[in-house]
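Take a look at the structure set out below.
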């Protein structure tokens, strides 16, 4: 099968593209040189026989875990051998080795080591960092408990200081306090950074981090007082030993509390940290990664669905003619092209947040935290918005592949189950939306009291100027040109302003009725989430539009402009109620918008395959028979199926055990 | 003991849970029979699903075969028969976790498509399990579009046989259940060729495995198609045939026959057959679609009153997550949808039973309408329920992601229903075709089938609601749905007409309108569902609080639909912006009202803990203990993984030298 020529349909599609996919790839990578380097790193992994293995779809969970541990160990060695140290390059290498899946050392590399660097004292770094760097210590980060996730203050694990022995006594006092979910905790790690409520001198001082040894060095057996294991099978994450940890009067020396900021003195005196805004920085960074991940996961799903739709022929469009590619059906285009546009939009948003974070992280190190609250609020909402959208989009891509999408050989089920927990981890999405809403309402209140606000919410300033007018903000007509992205940004802005204002007013009305702030907030939360969504949607349309002017190649810019228009108009057509109710668009304009969406589908159709080729996923990384670059789908589905575990023997043992005896009896 | 957070929810029910259960079952006697079946199945250890989440594909398959074999014995023991009142509850009690479902389709297709002689030959063998059947229609290259199938059956007049072939890779049969490992025979759909002429797709009985040693027959290549998102217990298979010969008598020939001299004869009407296929789409709704949604609601809602997170009021204990408006807004509309679709399912069953009686009297007038119903509702209900189950899954946060919650497997199972028995988009467009035709007829003053007479009564005007309470009137919202459906159908029809008049070819015009047409078909089904829910509520008994709570659910279902599709209602100003704010207010008020009865409403679905098989959703609400206990049973905790000795140990030691 390796020598099969490229499927004729895909060859035709590629020949008909109006732009060069490589140019677009360079934009996504951040320059031709970055693309070159990424491919170089990819080649290091692909050409390395140590990283080859059987298709993971055919392995049991235990086997998948074992493969992942094997590859992770090799990966750490090879990264150092090749001298790859740039975080982004490490990320490429890792996602290539593990093909976009999680791996058991994720938490060690991504949380344990960085936390030591940022929160450990120099003395603690001496004791733990080098052993951890050399993997004598493998650690994880144990925060989430069975009973509490996003709401951190509710965590129940306790660390009680005993001045007599200068130790902390760690306990899991209830079933709900058992640490639950941390990756690498179940089987891999011998240490964990445990978050616990600190008690000293009879007082609770809130959550703090402690370095806790959990398994015996040498035998890897759990230490006395420690109960640790794997939490069982999940939707995805088969490679990851998400674990539980229960501690019974487990003692650690005082020096194991991470004490760069807060401290407990030998006599038990507690010393407060200076600022707690610093943790914002890490959260912003991780959430920006999730936005990027939303883009990548959705891009992978789009690549598979669009290539397959160009290869699959079905039914008839015109009587008597050969069966058309399913990508020629309007309903199929309508399912896939808006998602393709969304994937590009999210790429640009992810890049924007990353750059902004890098830009201001210098300020953060110098103690200037002024830009952090807005960025923190914005990334919370964008994390939720993009992960929800991508989650639904991946499923739509799978559905668009019909029955074969349901087979694991399509690769989409795997993308979905790997991606979907990001709606929950690093902050449950609804809670994230409400965090953004809190910032929006605060900004609105500032504007109402005559102050100016800056940044992405500055559109709220316009509200005060219109305050003299009785009707909704946006009712002061924005003239919307539906073929001009800049004009559409204004329409989205008006919608966001209207929904933020409506939510803030409803909140105020509830406050006027009721006694408690919390009650009023809860009774307005559906409106508040809508306002946050509208705000995020505006930000995305704005960033996508802004990106267009940075594209120098005319052919690429033209096709990106079409996608940007599709993204913006499709979003309007799916939320016409908001635009109509606020008077931003008329009935006639809404009809034009839905019509224009359909025209754009036809305009984008010839470039669809080239647009997914530009994402530049290697077949090995894509992991999909339906999405293969060469389009030889059916032959390879057959080859793949033959390797299925049920096919290991010609006659399955169930025949002898059950079928034959039954036939004899009846 | 029951978790007090769950117990307290049950003390305040506004209605009788037991009476509602009986209502859902269709009577007290039905409830009794159902419970007896569930009890008999669940008390038998062979049918246990206890370790299901830990099993491999091979183990799941073997268990399903074991259960299927044991079920024969059990039925005999219990005196259950295929025509008895217990039968329909068996599959539900097993949660579908059993093999040989395609064996039943094999038998049904022979009963429907075979001659009396063929039935007499094959049905007894199948009943006695002297052979195991499957049904091979879908191919690698073709699914819903049957005319495109590529398998061939060429009549050889000299030997009086059909020669079956898989001429190319895309013609390989792919997906049929029970075919990968179990089946000895299958009904193969192939393009029939007689003397060089193609007569289209016909069914043939083909033996694929030896009845002695189960090895593949000569010319047959068959196997399992590999891992899927779910249905690990089913050996969906592939089948390739190379000059496989079957006797002339193996073509199912009730309606079409090839005579010994090669003459092709068509006889009788295929309409009954066509009707049977249509019925399948409706009959799958109950077990494959509604049950998973009801289970998902049960799990998510019970868990949401046990899970406490964050504080609503300072100083108080943490709040149940179901007390958060955003959580109610996720779950309660799905609960309302489960009830709405339960009632539309009752309505459709009744409609099809009536249709069947008509058809037996050779009256085929209702067929197009029934076909439109089955296509449209299959698509609308499966799509709606699939996303509803996913919402339940995600509403359970991290723990929903554990297989032990039961939600991932409910989701991966229900989502297949959007594809099998007809891909949903294709089905919606079939309904749209019917609607457009009826709309044209109605506009021309011609009579139309009863379900679409509303198309003729297009009334201009505006929604008369004056305050938010008006939107709790079924007349007001049903009217709004009707108006919206008419508008979408008529504007799709107008667009289609415009294009055709401007010279666009008919099929091109159709393709250019398909997005709009699919939306119109959905709107029609949504309208009928709301209307039926409101009418059902009218007829419910007023005693025991049932009518009242069902009225709330009906209101919620209707207003949620308007709230989440506000644009289509606002579009022509039928509902004004001010009225839309009233809809939103009423909708949000209802959430708080239904919140109080949420747990009793899922209790009424009456699922046993064993059938839920969920650490989060059990009746006693002991969520965390169960999660911990179940996790410890995981093989990852019981068996020593070689990963430590092989990889971790070397990694943890000797490391510094290498790094």
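The values are calculated or read from the model by the stated rules, or taken from the named source; none is laboratory data. These numbers were taken from a predicted model, which means no experiment stands behind them. Glycine gets a Cβ as well: all are built from the backbone with ideal geometry, and neighbour counts include every protein chain shown.
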Exercise for review: With respect to residue A:209, determine if the residue is within 27 Å of residue A:417 (Cβ to Cβ) and either part of a strand (DSSP E or B) or away from chain B (no Cβ under 14 Å) (or both).
Suggested key: no
Review point. Would the range A:628-642 turn up any residue that is surrounded by 18 or more Cβ atoms within 10 Å (Cβ to Cβ), modelled with pLDDT under 90, touching a strand residue (DSSP E or B) at 6+ places or on another chain (Cβ under 7 Å) and in a helix (DSSP H, G or I)?
Key: no
Exercise for review: Of the numbered conditions (1) free of Cβ contacts under 8 Å to residues at least 24 places away in the same chain; (2) assigned to a loop (DSSP other than H, G, I, E, B), residue A:103 fails exactly one; give the number of that condition.
Suggested key: (1)
Review point. In the range A:389-425, what residues are more than 11 Å from chain B (Cβ to nearest Cβ), within 21 Å of residue A:533 (Cα to Cα) and under 12 Å from the mean Cα position of the chain (by Cα)?
Key: A:389, A:390, A:419
Exercise for review: Within the range A:336-350, identify whether any single residue is under 14 Å from residue A:627 (Cβ atoms) and not in a helix (DSSP H, G or I), and answer yes or no.
Suggested key: no
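Residue by residue, here is whether (1) surrounded by fewer than 21 Cβ atoms within 10 Å (Cβ to Cβ); (2) within 14 Å of another protein chain (Cβ to nearest Cβ); (3) in contact with a helix residue (DSSP H, G or I) (Cβ under 6 Å, 6 or more places away or on another chain); (4) in contact (Cβ under 8 Å) with a residue 12 or more places away in the chain holds:
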position: B:509; (1), (2), (3), (4): yes, yes, yes, yes
position: B:513; (1), (2), (3), (4): no, yes, yes, yes
position: B:517; (1), (2), (3), (4): no, yes, yes, yes
position: B:527; (1), (2), (3), (4): no, no, yes, yes
position: B:535; (1), (2), (3), (4): yes, no, no, no
position: B:548; (1), (2), (3), (4): yes, no, no, yes
position: B:551; (1), (2), (3), (4): yes, no, yes, yes
Revision key, fill the gap. Scanning the range B:166-215 for residues that are at the interface with chain A (Cβ under 9 Å from one of its Cβ atoms), more than 21 Å from residue B:101 (Cα to Cα) and surrounded by fewer than 18 Cβ atoms within 10 Å (Cβ to Cβ) gives B:168, B:213, B:215
Practice item. Read through the list (1) closer than 22 Å to residue A:115 by Cα; (2) within 28 Å of the chain's Cα centre (by Cα), then give the number of the only condition that residue A:273 fails. Key: (2)
Exercise for review: From (1) touching a helix residue (DSSP H, G or I) at 6+ places or on another chain (Cβ under 6 Å); (2) within 13 Å of chain B (Cβ to nearest Cβ); (3) under 22 Å from residue B:570 (Cβ atoms), pick out the condition that doesn't hold for residue A:592.
Suggested key: (1)
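One line per residue, one yes/no per condition, for (1) facing chain A (nearest Cβ under 8 Å); (2) under 25 Å from residue B:608 (Cβ atoms); (3) in contact (Cβ under 8 Å) with a residue 60 or more places away in the chain:
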{"residue": "B:392", "(1), (2), (3)": "no, yes, yes"}
{"residue": "B:403", "(1), (2), (3)": "yes, yes, yes"}
{"residue": "B:406", "(1), (2), (3)": "no, yes, yes"}
{"residue": "B:411", "(1), (2), (3)": "no, yes, yes"}
{"residue": "B:422", "(1), (2), (3)": "no, no, yes"}
{"residue": "B:429", "(1), (2), (3)": "yes, no, yes"}
Review point. Is there any pair linking a residue in the range A:142-166 that is within 11 Å of another protein chain (Cβ to nearest Cβ) to one that is surrounded by fewer than 18 Cβ atoms within 10 Å (Cβ to Cβ) and assigned to a strand (DSSP E or B), with Cβ under 8 Å and at least six apart or on different chains, and which?
Key: A:152/A:207; A:153/A:206; A:153/A:207
**Study point:** Complete set of residues in the range B:127-149 that are without any contact (Cβ under 8 Å) to a residue 60 or more places away in the chain and away from every other protein chain (no Cβ under 11 Å)
**Key:** B:133, B:135, B:137, B:149
Review point. For the range A:273-288, does any single residue satisfy the condition of being out of contact with any helix residue (DSSP H, G or I) (no Cβ under 8 Å at 6 or more places or on another chain), in contact (Cβ under 8 Å) with a residue 24 or more places away in the chain, closer than 18 Å to residue A:87 by Cα and in a helix (DSSP H, G or I)?
Key: yes
Practice item. Working carefully through the options A:627, A:623, find the one that is within 17 Å of residue A:406 (Cβ to Cβ), more than 7 Å from chain B (Cβ to nearest Cβ) and out of contact with any helix residue (DSSP H, G or I) (no Cβ under 6 Å at 6 or more places or on another chain). Key: A:623
**Study point:** Any hit, the range B:359-377, residues being under 19 Å from the mean Cα position of the chain (by Cα), on the phi > 0 side of the Ramachandran plot and either within 14 Å of chain A (Cβ to nearest Cβ) or assigned to a helix (DSSP H, G or I) (or both)
**Key:** no
Review point. What number goes with the only condition from (1) closer than 21 Å to residue B:302 by Cβ; (2) surrounded by 23 or more Cβ atoms within 10 Å (Cβ to Cβ); (3) touching a residue at least 60 places away in the same chain (Cβ under 8 Å) that residue B:558 does not pass?
Key: (1)
Exercise for review: Within the range A:142-156, identify whether any single residue is over 17 Å from residue A:241 (Cα atoms), assigned to a strand (DSSP E or B) and assigned by the TED database to the domain that holds residue A:250, and answer yes or no.
Suggested key: no
Practice item. Kindly check whether there is at least one residue in the range A:558-567 that is surrounded by fewer than 19 Cβ atoms within 10 Å (Cβ to Cβ) and within 24 Å of the chain's Cα centre (by Cα). Key: no
Review point. Does the range B:582-605 contain any residue that is within 30 Å of residue B:481 (Cα to Cα), under 26 Å from the mean Cα position of the chain (by Cα), facing another protein chain (nearest Cβ under 9 Å) and at pLDDT 95 or above?
Key: no
Review point. Would you pick out the residues in the range A:47-73 that are more than 16 Å from residue A:101 (Cα to Cα) and either within 8 Å of chain B (Cβ to nearest Cβ) or in a helix (DSSP H, G or I) (or both)?
Key: A:49, A:50
Exercise for review: Would you be able to say whether some residue in the range A:161-177 is in contact with a helix residue (DSSP H, G or I) (Cβ under 6 Å, 6 or more places away or on another chain) and closer than 15 Å to residue A:242 by Cα?
Suggested key: no
Check your understanding: Which helices (runs of 4 or more DSSP H) does the range A:525-581 wholly contain that include 1 or more residues that are more than 10 Å from every other protein chain (Cβ to nearest Cβ), under 26 Å from residue A:377 (Cβ atoms) and touching a residue at least 12 places away in the same chain (Cβ under 8 Å)?
Key -> A:525-548, A:554-574
Practice item. For the range B:97-110, indicate whether the set of residues that are out of contact with any strand residue (DSSP E or B) (no Cβ under 9 Å at 6 or more places or on another chain) and outside any loop (DSSP other than H, G, I, E, B) is non-empty. Key: yes
Review point. When you scan the range B:45-93, how many residues do you find that are without any contact (Cβ under 8 Å) to a residue 12 or more places away in the chain, out of contact with any helix residue (DSSP H, G or I) (no Cβ under 8 Å at 6 or more places or on another chain) and either more than 18 Å from residue B:611 (Cβ to Cβ) or surrounded by 20 or more Cβ atoms within 10 Å (Cβ to Cβ) (or both)?
Key: 8
Review point. Looking only at residues in the range B:258-283 that are part of a strand (DSSP E or B) and touching a residue at least 40 places away in the same chain (Cβ under 8 Å), which one is farthest from residue B:115 (Cα to Cα)?
Key: B:264
